[in-house]
Amino acid sequence: MMKKLVLSVCIVFAVLACNQQSAGYTINGTISGEVENGTTVFLRGIGEDNQPVDIDSTTVENGKFVFKGQTETPEMQYVFIDNLMGYHAVIVENGEIQFSAQKDSLSFAEVSGTPQNDTFTDFMEAQKDLTQQAQSIQQDMTKADEATANALRDEMAELQEEYKNFELDFIKNHPDALISVLLIDRAIGQGSVTASEAQSLYDGLSPEIKKSKAATMVAQNLEMVMQREANEKNTSIGAKAPEFSAPNPEGKELALKDVMGKVTLIDFWAAWCKPCRAENPNVVKVYEKFHDKGLNILGVSLDRTEDAWKKAIADDGLAWNHVSNVAYFNDPIARLYNVDAIPAAFLLDENGIIVAKNLRGPALEAKVAELLQ
């Protein structure tokens, strides 16, 4: 009897699991207006290169179309229709999703039927008034005199702060919404919140929504931003320069501590960088003038190939120490020093303290002379 009972329970759970798995999502689309039967409708996501990627396709029949599938977590995707202008977002999640649009205004489609899409619609409606206010101010600025334009700029700044607070409040009040994840991601990208503020918002999300692909990406972005903020602090003027080592042109490991002088210049450059090459004659001049008095230079190349790096050293007569991982901007030293553009330079005193950044031309010579007095 007990074996039969256990078997029955297992069958019930198996049937429930199958029903849940087969439910998946259905997007029931309706297009008002004359759309030719057989017109292709695309469901697209965003790929790694930030470009649309086809997820699924179907066709319009008598003004209707249907997508069916399964998804483990909610994901923002987009509906495109051949020969129609625009597109519209839809949050793909298991359940019955209703998509309704006019032929000539696809971007104003109405999406409903599942919790994530209903919340997304609520957000779009709530922010509509603020968006319209911003558009009105922008229109007024095009025909305003200088005094009025200044007042409008102040008004726009206040509105932007209000909009920021609106989004932050929405995130906090909707911890289980995919749109909250996307808003955190945008805030990080725009730099409108600090890394710690973004982390706090992320920590407040529900465990379920953190399983989404979007939340996983946000977590990865947060890690990079947190590391970048730490690096910025560690490479600010007054900080001790972070230690590093890398291969020199002969392939031997060379560390910053091995080449320190009374004054040390860490010079980020590359053979392919025209501004770097243009500045090299000045750096050579400063080096030749002050090396005997205690100036050392360590060049850190962000080249892609060893041949280009070594040739540029010889061609430009760069007689100081050099290192490179030959990894372009993926170089760990560049990441350590938050270098995302070159030329970039850090001037250190005899204790390895960063005393100046990105000095060029006469300014570099004057500062080195001052430090070596």
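The values are calculated or read from the model by the stated rules, or taken from the named source; none is laboratory data. Keep in mind it's a predicted model, so treat the numbers as computed, not measured. Positions of Cβ are generated from backbone atoms using ideal geometry, with glycine treated the same way; all protein chains shown enter the neighbour counts.
Annotations
- Single match in Lys311, Lys262, Lys233 (criterion: among the basic types (Lys, Arg) and in contact with a Leu (Cβ under 7 Å, 6 or more places away or on another chain)): Lys262
- Picking from residues in the stretch 250-263 that are in contact with an Asp or Glu (Cβ under 8 Å, 6 or more places away or on another chain) and not aliphatic (A, V, I, L, M), the one that is nearest to Leu372 (Cα to Cα) is Lys262.
- Qualifying positions in the stretch 127-145 - surrounded by fewer than 12 Cβ atoms within 10 Å (Cβ to Cβ) and either within 24 Å of Val90 (Cβ to Cβ) or acidic (Asp, Glu) (or both): Lys128, Asp129, Gln132, Asp145
- Selected residue (only one of Ala157, Ala198, Ala149 is surrounded by 13 or more Cβ atoms within 10 Å (Cβ to Cβ), among the aliphatic types (A, V, I, L, M), modelled with pLDDT of 90 or more and not assigned by TED's automatic domain parsing to the domain that holds Glu72): Ala198
- Residue that is surrounded by the most Cβ atoms within 10 Å (Cβ to Cβ), among those in the stretch 102-116 that are among the aliphatic types (A, V, I, L, M) and closer than 14 Å to Gln77 by Cβ: Val111
- For the residues Leu295, Leu302, the requirement of being closer than 26 Å to Lys233 by Cα and over 36 Å from the mean Cα position of the chain (by Cα) singles out Leu295.
To keep it simple, each residue is scored yes or no on (1) at pLDDT 95 or above; (2) in contact with a His (Cβ under 6 Å, 6 or more places away or on another chain); (3) closer than 28 Å to Ala215 by Cα.
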site	(1), (2), (3)
Val41	yes, no, yes
Ile46	no, no, yes
Gln51	no, no, yes
Thr58	yes, no, no
Asn62	yes, no, no
Glu72	no, no, yes
Gln77	yes, no, yes
Val92	yes, no, yes
Phe108	no, no, yes
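- Close pairs (8 angstrom Cβ cut-off, 6 or more residues apart or separate chains): within 12 Å of Leu222 (Cβ to Cβ) and of a type in the set (S, T, N, Q) in the stretch 190-212, at pLDDT below 90 and surrounded by fewer than 12 Cβ atoms within 10 Å (Cβ to Cβ) anywhere: none
- Of all residues in the stretch 67-101 being crowded, with 17+ Cβ neighbours inside 10 Å and acidic (Asp, Glu), the one that is nearest to the chain's Cα centre (by Cα): Glu75
- Count of residues meeting criterion [closer than 19 Å to Glu36 by Cα and not aliphatic (A, V, I, L, M)] in the stretch 85-106: 8
- Scanning the stretch 291-314 for residues that are in contact (Cβ under 8 Å) with a residue 60 or more places away in the chain and either in contact with a Lys or Arg (Cβ under 9 Å, 6 or more places away or on another chain) or under 14 Å from Ala246 (Cβ atoms) (or both) yields Lys293, Gly294, Leu295, Trp309.
- Test: residue in the stretch 159-169 that is under 24 Å from Ala198 (Cα atoms), part of a helix (DSSP H, G or I) and basic (Lys, Arg): yes
- Flag set for Ser180, criterion: surrounded by 12 or more Cβ atoms within 10 Å (Cβ to Cβ), closer than 30 Å to Thr71 by Cα, out of contact with any strand residue (DSSP E or B) (no Cβ under 7 Å at 6 or more places or on another chain) and among the small types (Gly, Ala, Ser).
- Members of the stretch 233-257 that are surrounded by 13 or more Cβ atoms within 10 Å (Cβ to Cβ), within 15 Å of Gly299 (Cα to Cα) and either touching a Pro at 6+ places or on another chain (Cβ under 7 Å) or of a type in the set (Phe, Trp, Tyr) (or both): Phe244
- Ala344 being free of Cβ contacts under 8 Å to residues at least 12 places away in the same chain and either under 22 Å from Trp272 (Cβ atoms) or not basic (Lys, Arg) (or both): no
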